[in-house]
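*Asks:* Encoded as structure tokens, here's the structure I'll be asking about.
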Amino acid sequence: MGFIFVLIVGLLAGTISGIVGTGSSIMLMPVLVYQYGPKEAVPIMAVAAVMANLSRILAWWREVDWRACLAYSATGIPAAALGYAVVTRPVWIVFWMIWNMGQRSVPE
């Protein structure tokens, strides 16, 4: 029964997101957390987001401004890596990584 509820909310969220252009994650995440718990809901939403964005890229391939995509990626990818480093490591290592950017030595 829970799967049917998630399916109905997913179809409704996808329809509204298709009309409005956004919002499916904010509608579907609480339902997934309620049904499966947060440890399962987060990867499910991550896979759904990747699939949705991949389908948008394939649908609008000729309309994508690849120069703008490169410009955003040039700063977004390093910022995402830095964000990951901040969340998963002690703060002093993050500061050390920023200070010694480009050097290969590792603190002991």
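The values are calculated or read from the model by the stated rules, or taken from the named source; none is laboratory data. As the structure is a computational prediction, the values presented were derived from the model and not from experiment. As a convention, Cβ positions derive from the backbone with ideal geometry for all residues, glycine included, and neighbour counts pool all protein chains shown.
*Asks:* For the stretch 4-29, how many residues are exposed (fewer than 10 other Cβ atoms within 10 Å of the Cβ) and closer than 20 Å to E40 by Cα?
*Replies:* Qualifying residue count, the stretch 4-29: 1.
*Asks:* Does at least one position in the stretch 65-84 carry a residue that is at pLDDT below 75 and of a type outside the set (G, A, S)?
*Replies:* Applying the first criterion (at pLDDT below 75) to the stretch 65-84 yields none.
No.
*Asks:* Need at least 2 residues that are basic (K, R) and without any contact (Cβ under 8 Å) to a residue 24 or more places away in the chain per element, so show me which helices (runs of 4 or more DSSP H) inside the stretch 2-70 make the cut, counting only ones lying wholly within it.
*Replies:* Details: elements: 2-20, 24-36, 38-59.
Because the criterion is at least 2 residues that are basic (K, R) and without any contact (Cβ under 8 Å) to a residue 24 or more places away in the chain, the helices (runs of 4 or more DSSP H) in the stretch 2-70 that meet it are 38-59.
*Asks:* Across the stretch 27-74, what is the total count of residues that are out of contact with any helix residue (DSSP H, G or I) (no Cβ under 8 Å at 6 or more places or on another chain), within 17 Å of G10 (Cβ to Cβ) and either of a type in the set (F, W, Y) or not assigned by TED's automatic domain parsing to the domain that holds G14 (or both)?
*Replies:* Going through the stretch 27-74 one residue at a time, the tally reaches 1.
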